[in-house]
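The values are calculated or read from the model by the stated rules, or taken from the named source; none is laboratory data. Just so we're clear, the structure is a prediction, and the values are computed from it rather than from any experiment. Here the Cβ positions follow ideal geometry from the backbone for every residue, glycine too, while neighbour counts run over all protein chains shown.
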Amino acid sequence: MKINFINNSYRRFYQAHKKEIDTAIQGCLTNGDLTLRKDVMTFEKRLAKFIGTKYAIGVGSGTDALFLSLKALGIGQGDEVITVSHTFIASIQVIVHCGATPVFADVDANELINVKQIEGLLTSRTKAIMPIHLTGSSCEMDAIMRVARKYKLYVIEDAAQALGAKYNGKKVGSFSNTGCFSFNTAKMMGAYGDAGAITTNDRKLYERLMLLRNHWNMAQLSVNKKDFPPPKTFEWAFKSRLDNIQAAVLNVKMKYLSQMIKRRNKIAIRYIDELWHLPDFPVRYNKYELPKEQEGRVWQEFHIQIYEEQRNKFVRYMASKGIELLVRDEIPNHKLQGLGLEKWNLPITEKLAKTTIRLPLYPELTDEEVDYIIKCIKSFYGK
C-alpha cells in the first residue's frame with residue numbers, strides 16, 4: 001500500500017465531486033467570469049458568515065492576506081511585530097517586506113505563542129501582535145486581546161492552518177483587526193492553486209483592503225458599487241485578487257467543509273486512541289490529556305515529536321512501508337543563515353524543529369489506510 005502525505009487528498013476529492021467542480025469551472029469559462037466576479041462575491045459572503053465576521057476579502061494567497069493586512073494597518077519601517085518563529089516562513093517574510101522587524105516569543109507545549117512572554121517583548125516600536133493558530137489549534141485569544149487593548153496594538157491572526165477552529169466558542173479569524181486564511185492545496189479547504197482571504201469587522205479597514213488588493217482600482221470590485229464610495233485620495237497598491245475559478249472551486253468545497261473537519265477529527269482521535277499507550281511513542285495528545293483550550297481545535301495536522309536519531313529511523317521505516325511522512329525543517333526560521341535573526345534564543349521552538357514529524361491526515365484517507373498507518377507504527381515500536 002502506498003500512502004502520500006497529501007497528494008491523494010485533492011485528487012480523491014475531485015474524483016468524488018467531479019461533476020460539481022467541472023460544472024463550476026466551466027461556468028466561469030462559459031460566462032467569461034475570470035476576475036472578481038460573482039463566484040468571488042459569493043465565496044466572500046459565505047466565508048464571512050462561516051467565520052462570524054461582517055466582511056471577507058478574497059486575495060491571491062494566505063501570504064498576501066498577511067502582507068495586505070499589515071500594509072492596510074500602516075505597519076512599516078521602524079515598527080515591530082511580535083510573533084513566533086515556529087511557523088511557515090511566510091508569516092515572518094511579510095513583516096520584513098513591510099519594512100518592520102519581527103520580534104519572537106517562544107511557543108508553549110501546544111506549539112502556540114506563549115502569551116506570558118508577550119508583555120516582556122514590548123517596546124516603544126511595537127505596533128502589532130501576530131498569533132499563529134498552528135495545526136488547527138487556537139491561540140489564547142482572550143489574553144492576547146487584553147494585551148493588545150492595554151497597549152493599543154493591532155492584532156493580525158494567522159489562521160492559515162485553522163479554518164473552523166474555535167476559542168471559547170468563537171471562530172478564529174474573528175477576534176482581531178484581521179484574520180488571514182490560506183486555501184493552498186495542503187490546507188483544510190484547499191483550492192486547485194493559490195488562494196487566500198482576509199476577514200474583518202472593521203468597515204474602513206475592509207474598504208482599504210478591497211482597494212489595496214486591486215491597484216486602488218474601483219473598476220473591478222466584488223461588491224455592489226452603490227455601497228462602496230469612491231476613494232477621495234489614491235495610494236500605491238498591489239495586485240492580489242482571488243481568482244474567480246479558484247473561488248468557484250472553493251464554493252463547491254465550502255458545502256463539504258463541516259464533513260471534512262469531522263473526518264479529520266475522527267482520524268486524529270483514532271491515532272490518539274490507538275497509539276497514545278505505546279511505551280515509547282511520543283503522541284502529545286490523548287483523550288485524557290487534551291487541554292481545555294484545545295476543545296475547539298480542528299485537526300489540520302497531526303504532529304508527533306521524536307528525537308533526531310530515532311526520527312530518521314522512523315521516517316525511513318515508514319517510507320519502506322509506502323507511507324510518506326512530512327519532516328519539519330531541522331533549522332528553525334530564526335536560525336537560518338543570512339536573515340539576521342540568529343540572536344533569538346527560543347528553546348522550545350528549536351527542540352520542535354529537530355523532533356517534529358507530521359502523520360498523513362486528510363478527509364480522503366480511507367479507514368483501511370488509517371489502519372495500515374497505525375499497524376506500521378505499532379510494528380516499528382515492536383507491538
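Taking segment 134-157 on its own, how many of its residues are closer than 20 Å to residue 169 by Cα and within 22 Å of the chain's Cα centre (by Cα)? Result for segment 134-157: 15.
The residues of segment 300-317 that are surrounded by 19 or more Cβ atoms within 10 Å (Cβ to Cβ) and either more than 18 Å from residue 276 (Cα to Cα) or charged (D, E, K, R) (or both), listed by number, are 300, 301, 311.
Determine if segment 127-136 includes at least one residue that is polar (S, T, N, Q) and on the phi > 0 side of the Ramachandran plot. Checking segment 127-136: at least one residue is polar (S, T, N, Q) and on the phi > 0 side of the Ramachandran plot. Restricted to helices (runs of 4 or more DSSP H) entirely inside segment 1-99, those with at least 3 residues that are within 17 Å of the chain's Cα centre (by Cα) and crowded, with 18+ Cβ neighbours inside 10 Å are 38-51, 62-72, 90-97.
Scanning segment 300-322 for residues that are modelled with pLDDT under 85 and out of contact with any helix residue (DSSP H, G or I) (no Cβ under 8 Å at 6 or more places or on another chain) turns up just one, 309.
Each row is one residue, and each column tells you yes or no for (1) assigned to a helix (DSSP H, G or I); (2) more than 19 Å from residue 102 (Cα to Cα); (3) among the charged types (D, E, K, R); (4) in contact with a Leu (Cβ under 9 Å, 6 or more places away or on another chain).
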| site | (1), (2), (3), (4) |
| --- | --- |
| 116 | yes, no, yes, no |
| 123 | no, no, no, no |
| 128 | no, no, no, yes |
| 143 | yes, yes, no, no |
| 157 | no, no, yes, no |
| 181 | no, yes, no, yes |
| 184 | no, yes, no, no |
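Kindly evaluate residue 32 against the criterion of being over 30 Å from residue 336 (Cβ atoms), modelled with pLDDT of 95 or more, out of contact with any Cys (no Cβ under 6 Å at 6 or more places or on another chain) and not polar (S, T, N, Q). Considered against the rule, which asks whether it is over 30 Å from residue 336 (Cβ atoms), modelled with pLDDT of 95 or more, out of contact with any Cys (no Cβ under 6 Å at 6 or more places or on another chain) and not polar (S, T, N, Q), residue 32 comes out as no. Of all positions in segment 142-156, at least one carries a residue that is in the same structural domain as residue 65 (by TED's automatic domain parsing), touching a residue at least 40 places away in the same chain (Cβ under 8 Å) and surrounded by 24 or more Cβ atoms within 10 Å (Cβ to Cβ). Only residues that are over 14 Å from residue 79 (Cβ atoms), in a strand (DSSP E or B) and among the aliphatic types (A, V, I, L, M): list them for segment 100-114, please. Within segment 100-114, 105, 107, 113 qualify. For segment 152-208, what are the residues that are of a type in the set (S, T, N, Q) and modelled with pLDDT under 95? Residues satisfying the conditions are 168, 184, 185.
Suppose we keep only residues that are in a helix (DSSP H, G or I) and basic (Lys, Arg) within segment 326-365. Which one would you say is surrounded by the fewest Cβ atoms within 10 Å (Cβ to Cβ)? Within segment 326-365, the match that is surrounded by the fewest Cβ atoms within 10 Å (Cβ to Cβ) is 351. Annotation: of all residues in segment 258-273 being surrounded by fewer than 19 Cβ atoms within 10 Å (Cβ to Cβ) and not β-branched (Val, Ile, Thr), the one that is modelled with the lowest pLDDT is 273. Out of 228, 238, I need the residue that is touching an Asp or Glu at 6+ places or on another chain (Cβ under 9 Å), assigned by TED's automatic domain parsing to the domain that holds residue 249, at pLDDT 90 or above and aromatic (Phe, Trp, Tyr). Which one? Testing whether each residue is touching an Asp or Glu at 6+ places or on another chain (Cβ under 9 Å), assigned by TED's automatic domain parsing to the domain that holds residue 249, at pLDDT 90 or above and aromatic (Phe, Trp, Tyr) leaves just 238. The condition (being under 30 Å from residue 324 (Cα atoms) and not basic (Lys, Arg)) is satisfied by just one residue among 7, 31: 7.
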